[in-house]
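As structure tokens, the structure follows; a few thoughts come after it.
What follows draws every value from the coordinates through simple rules; no lab data is involved. No experiment lies behind these values; they were computed from the predicted model shown. Don't worry about glycine lacking a Cβ; one is built from the backbone with ideal geometry, like all the others, and counts go over all protein chains shown.
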Amino acid sequence: MRHDAYEGNSAALARGRDRRTCRNVHTAVQGQGATEAPAGFDNLTNGFGSNLFDAIGCNVCHTRSITTASVGTSINGGALIVPTALGSKIIHPFSDFLLHDIGTGDGVVQNGGQSTANKLRTQPLWGVRTHDRHMHDGATLTFNESILRHAGEARGVIASYRSLSSTQQNQLITFLKSLERGAARRRARHGHPGGGGRPALCPRAPPC
């Protein structure tokens, strides 16, 4: 093979590898983006539904904001040391991640002894709109039914929910459905301000 032809082929192969690598990086970044808090949390203090969420006590267990453990914290006997990227970050999961008896437990003992058998860990609500089934057993199909299934420790909250007008209940449910990462934010984060073009991380990659 001629030397110039060999160099040409090598350059073409290198360009192909660069493009594949760039695509892989872009895919990985998109995957990480999917774990971000939903866009709805930018305006959590606005809206009737958001106010009702706090007013009737949903936020007691479905906590709006949590600060992660500080950098260097040892978890599970040193199995994990909290890194800088994860330490002391404010997140908005809408969960306290604690065990509660809400009347729908299945008798399975959790990490904490027999007293936890009928307790369930608070389900985070971010992105809950994307779930077509709700509650720990997946037996509930609507937001209203899911709310009304709560009992036990949540009995007082549900009594307050029942006392709301149908309009207020719908406002609360609309708020819950807003807790997901928006497409506009996703495009902006990945270099697609208008929904097209190339990812900012890979300006020389082929269009997505």
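Values computed for the structure shown
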read-out: Size of electric dipole in segment 50-175: Cβ of Lys, Arg +1 and of Asp, Glu -1, about Cα centre, debye, nearest 20; value: 160 debye
read-out: Other-chain or far-sequence residues with amide H under 5 Å of ILE102's (modelled H); value: LEU120, GLU153
read-out: Three-way shape call for segment 85-142 based on the alpha-carbon gyration tensor, with the a/c threshold at 1.5; value: oblate
read-out: Peptides 127-135, 83-91 ordered by average Cβ neighbours within 10 Å, highest first; value: 127-135, 83-91
read-out: Chymotrypsin sites (Phe, Trp or Tyr not before Pro) restricted to DSSP loop in segment 64-137 with at most 14 other C-beta within 10 Å; value: PHE97
